[in-house]
């Protein structure tokens, strides 16, 4: 079986490499046509997609997935509509390929341009969320890249149904159907093969839990865009507006607990911890959140004493850790010790304190007076995203079409020679 999978993955890789050459020169009209046709196909196939998703949900429940993980997996008419709209949003964006990033002239008579180019072939390995099939396919297509998708075992049927719509879009635009390929097996040997396909894949993007991402980063021979966890913090400053703070914290934790932008740790300035902080904690408890409180907060009604390992933990559930800090520097120190470099938010009306936080916190996304649930490429105007990259090289934060490009230098002369 492993030999069969190795042969299959080599064939998929070779087909993707060939398709990438065609996509690199595809017109924006072709790409728009493909994505809009795929969106139409998703809407037309709603019944098929929902039936496939029902199979996946049954599989997930039998596997013992948590409610938060099942929420990531579930599709309904609204979510299918959002998938179609995401495809149209990406279609409507400016084509990043061929954009001139910078241009200048040199004394020797050369004109130099730095121009966006496709990366080539992207490998995406993801868990649970079937919408990633469309998001990743759309963004790679828009940026002129072929993509090999390996969805999670939980979303196997849903991903196949959505992938069929992507292929229908490619066909309508006259683009190679192998531009967006879905690995047709749950066998984990396919993942191992992808991680070593240096001849066929230019970058791997894992989207999933710490176990998956850690495995990819440890074993991949192909470059990786990744984040390990979404350990997101919200810091309520001494100068926070009470109404804003109560609303934002509740949204950041409870809107959807199973996404990587959900708040996992609340930091309270000493000056408001026993007043506004106590109100916020009461709001969370009333909403059904288990509050694991650190030193100086355990006397508050309804809280549970936090353990050291609760700080720096991605719960992905109705659980949040809470700590007191002396000031904004204390908050930033806590984030540096326990954060994952994903998303942090400060709630304050003090412009200088906000500026300090935004400039000195080293995470990929830093926010002021906004819910961490906005840590999403679609909310940033990217149409969709493949994931949130927390590394510091090339792509950082939400990975949209522009982040899936590289660049080259195009130099023009007129018989110019170097002295």
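May I ask you to verify whether residue 169 is surrounded by 21 or more Cβ atoms within 10 Å (Cβ to Cβ) and either in contact with a strand residue (DSSP E or B) (Cβ under 7 Å, 6 or more places away or on another chain) or under 14 Å from residue 126 (Cα atoms) (or both)? Show your work before the answer.
Working: surrounded by 21 or more Cβ atoms within 10 Å (Cβ to Cβ): yes; either in contact with a strand residue (DSSP E or B) (Cβ under 7 Å, 6 or more places away or on another chain) or under 14 Å from residue 126 (Cα atoms) (or both): no.
For residue 169, the condition - surrounded by 21 or more Cβ atoms within 10 Å (Cβ to Cβ) and either in contact with a strand residue (DSSP E or B) (Cβ under 7 Å, 6 or more places away or on another chain) or under 14 Å from residue 126 (Cα atoms) (or both) - is not met.
Return yes when residue 57 is assigned by TED's automatic domain parsing to the domain that holds residue 164, farther than 12 Å from residue 131 by Cβ, free of Cβ contacts under 8 Å to residues at least 24 places away in the same chain and in contact with a helix residue (DSSP H, G or I) (Cβ under 9 Å, 6 or more places away or on another chain) and no when it is not.
Numbers: assigned by TED's automatic domain parsing to the domain that holds residue 164: yes; farther than 12 Å from residue 131 by Cβ: yes; free of Cβ contacts under 8 Å to residues at least 24 places away in the same chain: yes; in contact with a helix residue (DSSP H, G or I) (Cβ under 9 Å, 6 or more places away or on another chain): yes.
It is true that residue 57 is assigned by TED's automatic domain parsing to the domain that holds residue 164, farther than 12 Å from residue 131 by Cβ, free of Cβ contacts under 8 Å to residues at least 24 places away in the same chain and in contact with a helix residue (DSSP H, G or I) (Cβ under 9 Å, 6 or more places away or on another chain).
Which is under 18 Å from residue 167 (Cα atoms), touching a residue at least 12 places away in the same chain (Cβ under 8 Å), touching a strand residue (DSSP E or B) at 6+ places or on another chain (Cβ under 8 Å) and assigned to a helix (DSSP H, G or I), of 16, 41?
Values: 41 fails: touching a strand residue (DSSP E or B) at 6+ places or on another chain (Cβ under 8 Å).
So the residue among 16, 41 that is under 18 Å from residue 167 (Cα atoms), touching a residue at least 12 places away in the same chain (Cβ under 8 Å), touching a strand residue (DSSP E or B) at 6+ places or on another chain (Cβ under 8 Å) and assigned to a helix (DSSP H, G or I) is 16.
May I ask you to verify whether residue 34 is farther than 19 Å from residue 136 by Cα and either exposed (fewer than 15 other Cβ atoms within 10 Å of the Cβ) or under 26 Å from the mean Cα position of the chain (by Cα) (or both)? So residue 34 fails the test. The number of residues in the range 254-270 being closer than 21 Å to residue 330 by Cβ and buried (at least 16 other Cβ atoms within 10 Å of the Cβ) comes to 7.
Condition check for residue 30 on (1) touching a helix residue (DSSP H, G or I) at 6+ places or on another chain (Cβ under 8 Å); (2) farther than 17 Å from residue 170 by Cβ; (3) touching a residue at least 12 places away in the same chain (Cβ under 8 Å): one failure, at (2).
Among the strands (runs of 3 or more DSSP E) lying completely within the range 81-133, list those that include at least 1 residues that are assigned by TED's automatic domain parsing to the domain that holds residue 256 and without any contact (Cβ under 8 Å) to a residue 24 or more places away in the chain. Full working, then the answer.
Working: elements: 100-105, 111-118, 121-126.
Ranges flagged: none.
Of the numbered criteria (1) free of Cβ contacts under 8 Å to residues at least 60 places away in the same chain; (2) part of a helix (DSSP H, G or I), the one residue 157 fails is (1).
Of the residues making up the range 374-400, those that are surrounded by fewer than 23 Cβ atoms within 10 Å (Cβ to Cβ) and modelled with pLDDT of 85 or more are 374, 376, 379, 380.
Could you check the range 201-302 for helices (runs of 4 or more DSSP H) lying wholly inside it with 1 or more residues that are over 30 Å from residue 11 (Cα atoms) and either modelled with pLDDT under 95 or not assigned by TED's automatic domain parsing to the domain that holds residue 151 (or both)?
On the way: elements: 210-219, 242-254, 270-273, 276-286.
Correct list: 242-254, 270-273, 276-286.
Looking at the range 290-311, which of the residues that are in contact with a helix residue (DSSP H, G or I) (Cβ under 6 Å, 6 or more places away or on another chain) and crowded, with 17+ Cβ neighbours inside 10 Å is nearest to residue 335 (Cα to Cα)? Among residues in the range 290-311 that are in contact with a helix residue (DSSP H, G or I) (Cβ under 6 Å, 6 or more places away or on another chain) and crowded, with 17+ Cβ neighbours inside 10 Å, the one nearest to residue 335 (Cα to Cα) is 311.
The values are calculated or read from the model by the stated rules, or taken from the named source; none is laboratory data. It should be emphasised that the depicted structure is a prediction, and the values quoted were computed from it without experimental measurement. Glycine also receives a Cβ, built like all others from the backbone with ideal geometry; neighbour counts cover every protein chain displayed.
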